[in-house]
Amino acid sequence: MADKKIPMICVVGPTASGKTALSIELAKRFNGEIVSADSMQIYKGMDIATAKPTLEEQDGVIHHLMDFWDVDKSFSVAQYCELAKQTILDIHNRGKLPVLVGGTGLYVDSLIDNRTFVDVDSNDELRATLQKEYEQFGVEYLLSKLRAVDPQSAQALDETRNPKRIIRAIEVFETTGVTMSQHNANSKLEDSPYKVLKIGLTATDRQFLYDRVNLRVDIMVENGLVDEAKSFLDLNLSSTSAMAIGHKELIPYFKNEADLNFCLENLKMQTRRYAKRQLTWFRKDKSINWLYIDALGKDELISNA
């Protein structure tokens, strides 16, 4: 019943597009609380690399599902959806508006579409092996490996070429003997309990966005990114937390295998590629209302949202 659905604003888009600032302004204007949909901001201590908003930036707005998970533990989309559903219901029951914000498209879509999941335990040893293969041979090698066992998933993932998702699809098949595409077909899609206004942030000029990405990395370095990354170097990271962009790219510097400038340029490139994958994912959703950050000022963004 449509009138019983929980109203919610959802702010999505690529990294460095201004999602955090807009969502905070919307939450302040509409008596809301923010629910993060970022697969890396969940981890404790990964503050600079994941661009967690500081207390000052949060400006008194309550944020949920951020900075609560230990880096040595893996975390799944199924776990996220369960926690997010509970959080959103609590916010709604207290008479406030949930504002979902983040760039992890799988989290956003799985939550809003109310997808249920087959519980497939992670195989950290296999995932680590696949991650090494990716680092050594590249994403095309993994895709060819997936095509051999699950061509449907390989075709779907070929567009975004997200190594984390490709690794997971291989892992699911190797662990269960059932392809990820079959698991998805078997998953039960129930009616969504949410009435959602989706707002997407992007730029008419892709270079404008990439310049913001490059600037963000520079600011992260000024704020202590190198020291933060070094503090995680000897920790036993889970297979999911180890994927965080911003830390792993600096490992060659710490091992004296490359200079810092080279690693930072690689970090910028990887972040730009991630932004492109995010745009590819979200562009498929025709229900998103897109706002262009290079064409609208801050006040215009809020009024047009």
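Annotations
- For the range 66-172, the helices (runs of 4 or more DSSP H) that sit wholly inside it and include 2 or more residues that are in the same structural domain as residue 251 (by TED's automatic domain parsing) and in contact with a His (Cβ under 8 Å, 6 or more places away or on another chain) are 77-93.
- Conditions (1) modelled with pLDDT under 95; (2) surrounded by 19 or more Cβ atoms within 10 Å (Cβ to Cβ); number of the one not met by residue 45: (2)
- Candidate set from the range 210-245 (those that are at pLDDT 95 or above and within 30 Å of residue 284 (Cα to Cα)); member that is surrounded by the fewest Cβ atoms within 10 Å (Cβ to Cβ): 215
- Count - residues of the range 234-278 that are free of Cβ contacts under 8 Å to residues at least 40 places away in the same chain and assigned to a helix (DSSP H, G or I): 16
The values are calculated or read from the model by the stated rules, or taken from the named source; none is laboratory data. Just so it is clear, the model here is predicted, and its values are computed rather than measured. Here the Cβ is made from the backbone with ideal geometry for all residues, glycine too, and neighbour counts use every protein chain on show.
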